[in-house]
Amino acid sequence: MGLFSNNYESAGPGIAKNAPKKKGAALFFDILFRKFWLMIWLNILFFLFTLPLWATLPVMYYVSNPTVSLVTVLVLLAVFAVNLGPAMTGISKVIRLFLLGRHSFVARDFFKGFRENYVKAAVIGVIDIVAALSVYAGYVVYPQMVEAYGSKLFYVPLVITFSVAIVVLMMNYYIFLMLTATDLSLKNLIKNSFALAFVALKENIISTVLVVLYGAFLAVLFIYMMPLFMLLIPLFSVVPMWFIVCFNSYPVIQKFVITPYYENMGEINPELTDGSDEIDEETLFEDMGGKEKPVEKPAENRKKGKGRHIS
């Protein structure tokens, strides 16, 4: 049945049960197009938890009392800081379900991911914010020290700062996904994400390049097309970018974290199967998806009033 077709009564051949699964770019765009509107809804949910950050701007601009302004801004930033990590966990949980081909009630699963392991996620979010502020401080301070002391040696800690920042960024590609998929302790989450930042260097570089390009795109909109930027922020700011990251990173987590766990238990990773059993010889009914012939609507050749009468 076509989306824009008028023939709603004919059936196609169906989908074969053992049809080859899509991989790579085909799978990426298949999920993206099928879940497009759900991703917009997911981005709106995430955006709600960034409102405290955005609210600091009008507070600083309109509140004339410096003390009140400072206290209000600090409270808003604290609320944003402790909720950033859980919100990232929420979108990671939903996107993980998309990648596994499982159904998701976006709002329910987002808030479930938000509540689960809230403390761990909040700690990770605060660490990320501290790391980002440290990088910004290094970017501002070290060049000034070079000019003040006339020594280029201060570029060395600047390079180290940016190197550490890149590693922390790559660790984030895994830590929130592992938080939704495993029950690891915070120590092991950090340990595993640090290891995967180097083990899957190719995937991490690809993700980083795409994240930078997406960020540059938003920056251009912010500078030159502010109305469009303000429209896109609630709808497309984080989730499309995070979907790209998760698409690259979650197979790595399956390979190096989840599958080895089940192998040690002597079991098969259920995420790598569709959960269906093989059809044995005594099966009475067989899935015929992909084998049926299309059912066409019978031609209506009889003219009105010329049909056969039954008396």
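Structure notes:
- Within segment 105-157, being under 20 Å from the mean Cα position of the chain (by Cα) and either on the phi > 0 side of the Ramachandran plot or acidic (Asp, Glu) (or both) holds for Asp109, Glu116, Asn117, Asp128.
- Segment 233-254 residues that are without any contact (Cβ under 8 Å) to a residue 24 or more places away in the chain, paired with ones that are among the polar types (S, T, N, Q) (beta carbon under 9 Å, 6 or more apart): Gln254/Asn269
- Test result for Tyr173, aromatic (Phe, Trp, Tyr) and within 20 Å of the chain's Cα centre (by Cα): yes
- Filter pass, Lys255 being over 27 Å from Lys22 (Cα atoms) and among the basic types (Lys, Arg): no
- Here Gly138 fulfils each of the conditions (1) surrounded by fewer than 18 Cβ atoms within 10 Å (Cβ to Cβ); (2) free of Cβ contacts under 8 Å to residues at least 40 places away in the same chain apart from (1).
- For Asn188, the test of being over 17 Å from the mean Cα position of the chain (by Cα), polar (S, T, N, Q) and modelled with pLDDT of 90 or more is passed.
- Scanning segment 182-197 for residues that are of a type in the set (Gly, Ala, Ser) and surrounded by fewer than 19 Cβ atoms within 10 Å (Cβ to Cβ) gives Ser185, Ala195.
- Annotation note: of Leu221, Leu201, the sole residue that is free of Cβ contacts under 8 Å to residues at least 40 places away in the same chain and within 21 Å of Val168 (Cβ to Cβ) is Leu201.
- The number of residues in segment 99-141 that are out of contact with any Lys or Arg (no Cβ under 9 Å at 6 or more places or on another chain), closer than 13 Å to Met88 by Cβ and hydrophobic (A, V, I, L, M, F, W, C) comes to 7.
- Some residue of segment 91-104 being under 17 Å from the mean Cα position of the chain (by Cα), closer than 21 Å to Ile44 by Cβ and outside any helix (DSSP H, G or I): yes
- Residue that is nearest to Phe33 (Cα to Cα) [pool: residues in segment 89-135 that are of a type in the set (Ser, Thr, Tyr) and in contact (Cβ under 8 Å) with a residue 60 or more places away in the chain]: Ser104
- From Tyr173, Tyr224, Tyr155, residue being under 20 Å from Tyr118 (Cα atoms), out of contact with any strand residue (DSSP E or B) (no Cβ under 6 Å at 6 or more places or on another chain) and aromatic (Phe, Trp, Tyr): Tyr173
- Among the residues of segment 213-264, those identified as of a type in the set (A, V, I, L, M) and over 21 Å from Ala87 (Cα atoms) are Leu213, Ala216, Ala219, Val220, Leu221, Ile223, Met225, Met226, Leu228, Val252, Val257, Ile258.
- Residue ID - surrounded by the most Cβ atoms within 10 Å (Cβ to Cβ), chosen from residues in segment 51-87 that are under 18 Å from Tyr174 (Cα atoms) and touching a Leu at 6+ places or on another chain (Cβ under 9 Å): Gly85
The values are calculated or read from the model by the stated rules, or taken from the named source; none is laboratory data. Model, not experiment: these values are computed from the prediction. Positions of Cβ are backbone-derived with ideal geometry, glycine not excepted, and every protein chain shown enters the neighbour counts.
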